[in-house]
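The values are calculated or read from the model by the stated rules, or taken from the named source; none is laboratory data. Keep in mind that what you see is a predicted model, and the values were worked out from it rather than measured. Here Cβ is always computed from backbone atoms with ideal geometry, including for glycine, and neighbour counts include all displayed protein chains. To get the accessible areas, we keep the full protein, side chains included, count just its heavy atoms, and leave off ligands, DNA and RNA. Shrake-Rupley method; radii C 1.70, N 1.55, O 1.52, S 1.80 Å.
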Amino acid sequence: MPQPQLPRRWVHPALLAMVAVIATSGLVYELVTGTLASYVLGDSVTQFSLVIGLYLFAMGIGSYLSKFLEDRLLERFVEIELCLALAGGLSAPLLFKVYTAAAAFRFALYGVVVLVGTLVGLEIPLLIRLLQFSVDLKELVARVLTLDYVGALIASLLFPSLLLPKLGVHQTSLFFGLLNAAVAMLATFLFPLDRAVTIRLRAQCLLIFGVLAAVFGFVTRFVDRAETVYFGAPILYTAQSPYQRVVITRSPRTTRLFLNGNLQFSSDDEQRYHEVLVHPAVAALGRDPRSVLVLGGGDGLAARELLRYPSIERIVLIDLDAAVTDAFRTLPVALELNGGALNDPRVTVRNEDAYKFLEDSRDSFDLAIVDFPDPSNYAVGKLYTDAFYHLLRERLSFRGVAVVQATSPQYARESFWTIVQTLESAGWKTAPLHVYVPSFGDWGFVLAGGEELAAPGALRIEPTKLRWLESSGLPELFRFPRDIGRVEAPVNRLNDQKLVATYAREWGVFTR
Amino acid sequence: MDRRAFLTTVAAGWMVDTILPGKAPIAGRIIGASHGVGHLVRDGGAPTPSGPPDRADVVIVGAGIAGLSAAWRLAPAGLDVRVLELEQFLGGTSTWGDDGAAPHPWGAHYLAAPNPEARAALRLLEQMGVVKGWDAAGRPRFDPRVLCHAPQERIFYRGAWHPGLVPQDELDAHDRAEMERFSRFEDELTERVGADGKPVFQIPLAFSSRDPDTLALDRISMRAWLDREGYTSPFLRWYVRYACLDDFGAEPEEVSAWAALHYFAGRKLKTPELDGSHFLVWPEGNGKLVQALSERARATVTHGALVTGLVAIEGGRVEVRWLDVRDRAPRRTHARAVVVAAPAFVTRRLFPSAAARLPTRTSSPWIVANMHVERPIDPDMAWDSVLYDAAGLGYVDARHQLTELSARTVLTYYRAYGGPDVVGARKGLVVAPWEQIANDVLRDLAPAHPELREQITRMDVCVWGHAMPRPRPGFLGEQPFEPLVLLDERVAWAHADQPGMALFEESQASGVRAAEALAPALGIALGSTWL
Ligand SMILES: Cc1cc2nc3c(=O)[nH]c(=O)nc-3n(C[C@H](O)[C@H](O)[C@H](O)COP(=O)(O)OP(=O)(O)OC[C@H]3O[C@@H](n4cnc5c(N)ncnc54)[C@H](O)[C@@H]3O)c2cc1C
């Protein structure tokens, strides 16, 4: 059977455009998988080099395999293009699905890389063979390979600057899948093929185009907001510690920290959070603080606020995760935010479990700043129990004051008051307060003291040293309007941890 | 087991066997109870001792909970108390291990918050600082750190983990209805009092009502009771079976209905603090209680001492004959009184004249496997993980009560051999090589943990040939709640076999009772009873 061939001296400019698209999309898939790998598995250097290596190797396999394709090359070319559209286009959503569903992520990841690499590797030799009778070899190789490399350059420029920030990984991979499908469709118009074959291929193109478009629509609507936020701004730093995934993102204006996908602060408005966390507590203490215990707060932002008081001689900061404190001691963007607080000689950073620290320590502090992540699991939930607050009391000096970050009284009203109730059951006097932080919503804290505790009337620091809080604003912080006012709430005990369930229920409404 | 569960089990078992052999094999060994030496008593292989005897005021045979409790009770009297213990470790079936990422149990792993009637247990807990004080109603207040932290348990049911032991949302209507019915009955039974004004079930069990209506439950098996009451739900039946195996190491057909219902309705303490878990849990399990008893006991313990016989001699003394298992040398110790704190079958051989009066107990064999693992931290990990319809009872996490998160921990797996053929099961286990037991454990856990083999660095196994008495129908005997304590004037018996139910409170009460019963023979006053 005679093979359909391209006419002599026929090099349609569209064909060359196709080469460029194939090359670009190939590299984009590689970057998408590399990004996902380093995001999920941490250690981006290893992940990127593994993905790149595997990908290039798979392209080699593809090139080798191309010699086994003998007949109907035009048809094969379109089919491979369609496979690539499907595999590459769905790679990001698929990997995300696997990531949330199972531990098989690594396998899926490397599988996708090899598959896409092999398909791309098949394309270029095939194209050269298709065109070999049309132009002379040296011209042909030069043009195709040039376009191939130009495509790579386009991809590597577009990906970090435009695609990732604007589209995110999902949409990027799907978009290029659609592009590949479009190329395949275009080919059915350019190539001299049988009618029947043309019809079949076009039907396939439409089908795959439809699938990709549907997923694109679905992803745009439903992908977890937090994940989109991740990829909405370029990731500056990621680390996977034994405890959590640490991600710092940076857009031109804003730096954000995420732990396990939960926003910890945004540089736009973190001053509101941290000024309210620290300064009312110092004011309530009613004397100059000398020693302070900070539990959590590995970003050093609370420490930054504390260091504004010259009376403070010593801050002991306990944060479980060295991945966080190391980042906030060294990264320029972090130092810009916390002013190098963690490197200050008055600050001692210890990476250990706060509960364990309280059990073992015999030290005593004027002030305790308790700034843990929200009680979204049982391990963190332990740090919100009556037993924990009992231990905390033993670490405070006479008339010492503690302040506890207590999630949002607006989104998690019962959770907030459970924390208040639990502190009180452990013998603390409390003064709850809250502040509106645009990135988070209305946010709550609890001032707690062993002895009488009054809401402070004035700050103990010159307002010019602060960015947001002023003395006249203090009473407002302690006023709880009716819709976030006190509700009856249980004590959060170690052997029950009602707070974890309450918290999940209350926040579930907003994150689902 | 439904088809899907069956297929996952098969598939997972296949993976364990075929995919993973390439992995470096995990290390491990069989440790524990010295079957070989112990059988010397049975086979009469012990020579008669010669040479001069040691002397002591009291000899206690066995350093289990019962023996150590007897020593603890005697401590205020300031006597010379000598404990002879066969094994190299303390605590008998409540012993523990200290190696690895956390201390871990080798047997008993929790103590439910004791009823006010378990006065000896509360006294010890108060000495340990676990009971922090008493509320206005006279109920104990516990150190919250010792109560099992949430989440206490989770169940692997139809391919996924669910919180708690009962996956409420997964059950079908029939299962749910019967579980509700049973739970209502359980609540009612917990409150019920007999004609004599005592609660129908109490711990220690000797304080239970003697009302013949409830004692009649001891004549039938739990299985027969379920049939009689028309309980047919597969989940409920599994649930009851799980409880029988967990507490008594026996299938429902092997357990007295009185005993099984006692398990469900024996706990009376209700305070707001116990709203969540009412289990007292330490990383090393009840090994913590063993340490607490032995620290306060003021007795010398000789390990590797196999007691082979007791003989009354002149001068109001008892000769305790024993074998030093290291050099197989026969020894003897003369004492003014002896507590035999060993199982009934051992006591019968040591003191044949009391043989006929001692109860006959069937004891279940168990295996306990300690798996040293390293794996990703799960912040929502439960203390107790149970697999529905598995062969074993699941596992507990030794690090659960430690607040510090760690990727390394020790998981303690339990399996009871609950069928009627205890002798066959015991023989099979004693000769089984480590590889076989380890493989069985992995296979049993594979549906939930196909990856476990890769996470285990070491798995040690303990085979308890005679782990605990089985409260079979009729175990309360002709005269319920009147335990045999004094075998003669100077020899008392204490052990879980005495009540016939292996619980910390029972063994402890048994040891205290034995010590108090010997006071006249010793010519001492021990003050008012601790019971
Ligand atoms: C796997 C397992 C899990 C359990 N879990 C729990 C639990 O969670 N909670 C609970 O309350 N109970 C539990 N139990 C029950 C436990 O057995 C009792 O709580 C208690 O430990 C029994 O103590 P004992 O002193 O009566 O008997 P044993 O533990 O049997 O002690 C007898 C001692 O005597 C020694 N001995 C025997 N013969 C001789 C001899 N001839 N010479 C010298 N020494 C001898 C033995 O070595 C042993 O140390 C569990 C038991 C097992 C096996």
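The figures follow:
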{"item": "Boolean, B:G527 is more than 12 Å from the ligand (Cβ to nearest atom) and either open to solvent by 50 Å² or more (accessible area, probe 1.4 Å) or in a helix (DSSP H, G or I) (or both)", "result": "yes"}
{"item": "Residue match in segment B:401-418 (condition: outside any strand (DSSP E or B), away from chain A (no Cβ under 14 Å) and within 14 Å of the ligand (Cβ to nearest atom))", "result": "yes"}
{"item": "Leading residue by the ranking (farthest from the other protein chains (Cβ to nearest Cβ)) among those in segment B:143-160 that are closer than 20 Å to B:L289 by Cβ and under 22 Å from the mean Cα position of the chain (by Cα)", "result": "B:V146"}
{"item": "Residue match in segment B:358-377 (condition: in a loop (DSSP other than H, G, I, E, B) and among the small types (G, A, S))", "result": "no"}
{"item": "Any hit, segment A:394-409, residues being among the small types (G, A, S), within 14 Å of chain B (Cβ to nearest Cβ) and within 26 Å of A:D496 (Cβ to Cβ)", "result": "no"}
{"item": "Condition broken by A:N262, with the remaining ones in (1) under 21 Å from the mean Cα position of the chain (by Cα); (2) surrounded by 18 or more Cβ atoms within 10 Å (Cβ to Cβ) satisfied", "result": "(2)"}
{"item": "Any hit, segment B:478-497, residues being within 14 Å of the ligand (Cβ to nearest atom) and at pLDDT below 95", "result": "yes"}
{"item": "Some residue of segment A:449-469 being in contact with a Ser or Thr (Cβ under 7 Å, 6 or more places away or on another chain) and within 14 Å of another protein chain (Cβ to nearest Cβ)", "result": "no"}
{"item": "Residue within segment B:57-65 that is surrounded by fewer than 20 Cβ atoms within 10 Å (Cβ to Cβ) and away from the ligand (no atom under 15 Å from the Cβ) present", "result": "yes"}
{"item": "Any strands (runs of 3 or more DSSP E) falling wholly within segment A:277-394 and containing at least 2 residues that are on the phi < 0 side of the Ramachandran plot and out of contact with any Asp or Glu (no Cβ under 9 Å at 6 or more places or on another chain)", "result": "A:314-318, A:347-350, A:365-371"}
{"item": "Enumeration of residues in segment B:89-117 that are away from the ligand (no atom under 11 Å from the Cβ) and in a loop (DSSP other than H, G, I, E, B)", "result": "B:D98, B:D99, B:G100, B:A101, B:A102, B:P103, B:A113, B:N115, B:P116, B:E117"}
{"item": "Looking only at segment A:361-387, and only at residues there that are at the interface with another protein chain (Cβ under 7 Å from one of its Cβ atoms) and more than 32 Å from the chain's Cα centre (by Cα), the one that is nearest to A:K498 (Cα to Cα)", "result": "A:D386"}
{"item": "Top-ranked residue in segment B:248-273 [being assigned to a helix (DSSP H, G or I) and modelled with pLDDT under 95; ranked as farthest from the ligand (Cβ to nearest atom)]", "result": "B:P272"}
{"item": "Residue ID - nearest to B:T95 (Cα to Cα), chosen from residues in segment B:506-524 that are more than 7 Å from the ligand (Cβ to nearest atom) and under 14 Å from the mean Cα position of the chain (by Cα)", "result": "B:Q508"}
{"item": "Exclusive hit being assigned to a helix (DSSP H, G or I), farther than 30 Å from B:P499 by Cβ and open to solvent by less than 60 Å² (accessible area, probe 1.4 Å), set B:L442, B:L429", "result": "B:L442"}
{"item": "Qualifying residue in segment B:300-313 (condition: more than 16 Å from the ligand (Cβ to nearest atom), open to solvent by 20 Å² or more (accessible area, probe 1.4 Å) and either small (G, A, S) or free of Cβ contacts under 8 Å to residues at least 12 places away in the same chain (or both))", "result": "yes"}
{"item": "Strands (runs of 3 or more DSSP E) wholly inside segment B:127-169 containing at least 3 residues that are in contact (Cβ under 8 Å) with a residue 12 or more places away in the chain", "result": "B:140-142, B:153-157"}
{"item": "Selection within segment A:332-354 - within 14 Å of another protein chain (Cβ to nearest Cβ) and acidic (D, E)", "result": "A:E352, A:D353"}
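Table: residues versus (1) touching a residue at least 24 places away in the same chain (Cβ under 8 Å); (2) surrounded by fewer than 18 Cβ atoms within 10 Å (Cβ to Cβ); (3) among the aromatic types (F, W, Y).
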site: A:Q271; (1), (2), (3): yes, no, no
site: A:L285; (1), (2), (3): yes, no, no
site: A:D299; (1), (2), (3): yes, no, no
site: A:Y309; (1), (2), (3): yes, no, yes
site: A:G339; (1), (2), (3): yes, yes, no
site: A:V347; (1), (2), (3): yes, no, no
